[in-house]
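Report on the structure given below.
The values are calculated or read from the model by the stated rules, or taken from the named source; none is laboratory data. Since the model is a prediction, treat every value here as computed from it, not as a measurement. Glycine gets a Cβ as well: all are built from the backbone with ideal geometry, and neighbour counts include every protein chain shown. Ligands, DNA and RNA are stripped out before the accessible areas are found, and what is left, the full protein with its side chains, is counted by its heavy atoms. Shrake-Rupley method; radii C 1.70, N 1.55, O 1.52, S 1.80 Å.
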Amino acid sequence: MKPRTTPASPAVSASVASAPAAVSVSAASAGEAVDPRWWGPPLVGTSVAPVVSWGAAVAGGLFEALPVCLAAGFLLPLAVVAPGWFLARTARRRRTRVRFAAAGCALAAAYPLLLAQFAWMVFFVMLLTGNVRS
């Protein structure tokens, strides 16, 4: 049952007035606590993604074959990691920041493979539609 509040009972109204403050404190302590190391995953993703991208480009021989396409190989992973810097700095968002960093590093590692798959797909589409002539 809801406690009955009247203007004549200040004790009841004081306990009801303090109840929302207790709710907000418990909500803040549950998932809204400030993460002191919020910068860790975005920093690791920002620093590791170009290194992984460079290693994948060297392993795939992209420096000799397609140096112009390397710009996207370095910029796309950083664009995936970038939202991790702008998320709320709470412990609840830490998992999301880690996922952004991991996705950026995975994209950096898979970029040469994705580039080759895209090139083959364009070639086959052009071949099947009659746009490739001998």
Distance in nm between pseudo-label sites at Leu75 and Trp120 (7 Å out along the Cβ direction from Cα): 2.7
The range 66-108: translational diffusion in µm²/s, Stokes-Einstein, Kirkwood Rh over Cα pairs, 37 °C, 0.692 mPa s: 300
At R0 = 25 Å, FRET efficiency that the Cβ-Cβ distance of Arg92 and Val51 yields, to 0.05: 0.30
Under 5 Å, built H, 5+ apart or other chain: amide partners of Thr90: Asp35
Charge sum, other residues only, whose C-beta stays under 11 Å from Pro36's C-beta, Lys/Arg counted +1 and Asp/Glu -1: +2
Area accessible to solvent at Trp85, 1.4 Å probe radius, in Å²: 80
Distance histogram for the range 45-127 (every C-alpha pair counted, 10 angstrom bins, percent rounded to whole numbers): 19, 41, 26, 12, 3, 0
Extension gain from Ala106 to Leu127, taking 0.36 nm per residue of separation minus the Cα-Cα distance: 4.5 nm
Point-charge dipole on Cβ atoms (K/R +1, D/E -1) for the range 56-134, about Cα centre, debye to 20: 720
